[in-house]
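**Student:** Take this structure first; my questions come after.
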Amino acid sequence: MTGHGLSDGLVAVVKHDCETCVEIVPALAELESAGLTVVSQDDPEFPSGMTVVHDEDLAISWNLGTQVTPTLYRITDGEAVELTFGWNRDEWRRHTDRPDLGANLPPHRPGCGSMTMDPAVQRRLAGESGADLTSRRIELGSDEDEFEAMFARGWSDGLPLIPPTPQRVDHMLSGTKLAPQTQIADVPPNYAPATVEKIAVNAVMAGCRPEYLPVVITAIEAICTDEFNMHGVAATTFFSGPVIIVNGPIASRIGMNSTYNAFGPGNRANATIGRAVNLVVRNIGGAVPGGVDRSTMGHPAKWGLCVAEREEDSPWPSLATDRGVPPGASAVTVIAGQGPTPVVDQLSREPESLARTFARTLQTVGHPKLAMAFDALIAMSPEHMRVFVHGGWSKHHTLARILELTESPAADRLRGADGMAEGLTLEAAHKLSGPAERPIAKFPPDGLSLVRVGSDAGLFSGIISTWARGPRGSMMVTRPIRD
């Protein structure tokens, strides 16, 4: 590896805090006459009596790729073309052309870990090297406060940001196997390219840990599809923002919350993953409130709304499984939504009664008289789910019955009915009800989904309603997580 600044010839990287390095000092002394360069990681006077290059900042060891001390290199034309690590007398003799080297030393001794293997050191050196990072560097004035500077430059969603230093970005990139310059998507509304590196920058600012990055990347990939229509979601005057549901082993592995206060504050993964996605939409896509973002009132989902499904003790298939992801695989589902709207029913102990409660509440999505215009996701608590399970209802049957119970006569959904101007036109109602004038369901057959979320205590559930569905609106999108 180049960049180490060493001349051609033999180089030994050692440290005083290594028993093997101390033991082989006689061999190092023998090689000094052959032009050996000794690089000491920790002690500028070790080995004593020899000319030593002190690798104080460990940059030489880092650029050589040193993992073990001692390591013997042969540098040719600036490249390390041969190496042997630890002490193996036969190997050292072969590499140095000294058949009598270390005659009084043991034949073999294992080495020690290089100081560059310390994770904190790796993060520092990777960031300082700037390897593979191409994002524009912004130098702040000596009197500038870094937090206020990020606000002033318009990068923030209104909350403080973590400064995206090269070290932090490089550390964030350790959470994925994808190369930093891999392009994930063109982010609306500006359709600017989002590389892994640029997503990592926003993940740092949001407060993510590296292990969250695969979820953030997959969510960005999902919201930038034609089906989700992030351009429309960002530009509409409606309330919606990306709602993120995470399924599979990764949720528990990164510590996501699916139980108490799952939609609320207190969990770093839930909070920062959702925030990172929205920062990408803002900082890469250009969806700034008052600019392209024209939402009349907005919604906290535009800061971040991310939750894991409670799968570990669920009697029903997960949302991801319903949407074609193999059981046991990790996935992200995105919805252009807002909410959750509370569903309160503490008295129903029979499935039919509870289904009617959900159906009546679902009628309010958008407007009680509008139909086939929105989708909805039921966030069902374990206690409510238990009522359906004990009654022998499957997930499919539960959703089908709730959907059936949302049906209303076409006349009740017309504009002007019940003294409300809002509603369906006569033409739209006839189209939906057909010649037989059938009752009109609130949602299409694929417009109602269910996810299990929440703690064991509480006969409460929630409804996440969506922006308009269809070609001019947004559809739910599910993507397997890459890593």
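**Student:** How much length is gained if the chain between residue 422 and residue 191 is pulled fully straight, taking 0.36 nm per residue apart and subtracting their Cα-Cα distance, in nm to one decimal?
**Tutor:** On the way: separation 231, 0.36 × 231 = 83.16 nm, distance 3.52 nm.
Residue separation times 0.36 nm, minus the Cα-Cα distance, leaves 79.6 nm.
**Student:** Using 11 Å as the cut-off for backbone N distance, which residues of the stretch 150-179 belong to the label zone defined by a point 7 Å from the Cα of residue 288 along Cα→Cβ?
**Tutor:** Of the residues in the stretch 150-179, 152-156 have backbone N under 11 Å from the label point off residue 288.
**Student:** How far, in degrees from 0 to 90, does helix 196-206 lean away from the longest principal axis of the Cα atoms of the chain, to the nearest 10?
**Tutor:** Orientation of helix 196-206: about 70 degrees from the principal axis.
**Student:** If you filter the stretch 54-143 for GluC sites (Glu not before Pro), then keep DSSP loop positions with at most 16 other Cβ within 10 Å, what is left?
**Tutor:** Values: sites: 56, 79, 82, 91, 128, 139; in loops: 56, 139.
Listed in order of number, the matching sites are 56, 139.
**Student:** Roughly how big is the chain's charge dipole about its Cα centre, with Cβ charges of +1 (Lys, Arg) and -1 (Asp, Glu), in debye to the nearest 20?
**Tutor:** On the way: 41 positive and 57 negative charges, 509 e Å.
Here the chain has a charge dipole of around 2440 debye.
**Student:** Using amide H atoms built 1.01 Å from N in the peptide plane, name the residues 5+ places from residue 184, or on other chains, whose amide H lies under 5 Å from its own.
**Tutor:** 194, 195, 196
**Student:** Dipole of the stretch 388-445 (Lys/Arg Cβ +1, Asp/Glu Cβ -1, origin at the Cα centre): which of 426, 397, 444 lies farthest to the positive side?
**Tutor:** Selected residue: 397.
**Student:** Here's something else I'd like to know. Per-residue ellipticity at 222 nm for the chain, helices alone: DSSP H runs ≥ 4 residues times -39500 (n - 2.57), over residue total, nearest 500 deg cm²/dmol? Could the numbers behind the result be given before it?
**Tutor:** On the way: 17 runs with 146 residues, N = 483.
For the chain, the value works out to -8500 deg cm²/dmol.
**Student:** Any idea how far apart residue 145 and residue 45 come out in nm if each label point goes 7 Å out from Cα toward Cβ?
**Tutor:** Each label point lies 7 Å from its Cα, and together they span 4.6 nm.
**Student:** List the GluC sites (Glu not before Pro) in the stretch 294-357 that DSSP assigns to loop (not H, G, I, E or B) and whose Cβ has at most 16 other Cβ atoms within 10 Å. Which are they? Display every interim value, and only then the final one.
**Tutor:** Values: sites: 309, 311, 312, 352; in loops: 309, 311, 312.
Filter output for the stretch 294-357: 312.
**Student:** Amide H to amide H under 5 Å from residue 463: which residues, 5+ apart in sequence or cross-chain, H placed 1.01 Å off N in plane?
**Tutor:** 341, 343, 379
**Student:** Here is a further query. For the modelled label position 7 Å from the Cα of residue 430 along Cα-to-Cβ, which residues of the stretch 359-400 have backbone nitrogen atoms closer than 19 Å?
**Tutor:** 371
**Student:** Skip the ligands, DNA and RNA, and give the accessible area per residue of the stretch 320-387 with a 1.4 Å probe, whole Å². Please list the in-between numbers first.
**Tutor:** Working: 2650 Å² over 68 residues.
Accessible area per residue: 39 Å².
**Student:** Over the Cα atoms, compute the radius of gyration (one decimal) and Dmax (the largest Cα-Cα distance, rounded to a whole number) for the stretch 412-456, in Å.
**Tutor:** Radius of gyration, then largest Cα-Cα span, for the stretch 412-456: 15.2, 47 Å.
**Student:** How big is Rg to Rh over the stretch 35-105, alpha-carbon atoms, Rh as the Kirkwood inverse-mean-distance radius? Each step should come with its number before you reach the end.
**Tutor:** Values: Rg = 12.6 Å, Rh = 13.2 Å.
Taking Rh as the inverse mean 1/r over Cα pairs, Rg/Rh reads 0.96.
**Student:** Just to confirm a number: summing +1 for Lys and Arg and -1 for Asp and Glu over residues other than residue 303 whose beta-carbon lies under 11 angstrom from that of residue 303, what do you get?
**Tutor:** +2
**Student:** Moving to a separate point now. Could you state, as a whole-number percent, how many of the C-alpha pairs of the chain are farther apart than 42 Å?
**Tutor:** Values: 44235 of 116403 pairs.
Value for the chain (Cα pairs over 42 Å): 38 percent.
**Student:** Give the lysines reachable from residue 442 as a straight Cα distance under 22 Å; neighbours fewer than 8 places away on the same chain don't count.
**Tutor:** 369, 395, 431
The values are calculated or read from the model by the stated rules, or taken from the named source; none is laboratory data. Predicted model only: the values in this text are computed from it and were never measured. Positions of Cβ are backbone-derived with ideal geometry, glycine not excepted, and every protein chain shown enters the neighbour counts. For accessibility, only protein heavy atoms count, side chains too; no ligands or nucleic acids. Shrake-Rupley method; radii C 1.70, N 1.55, O 1.52, S 1.80 Å.
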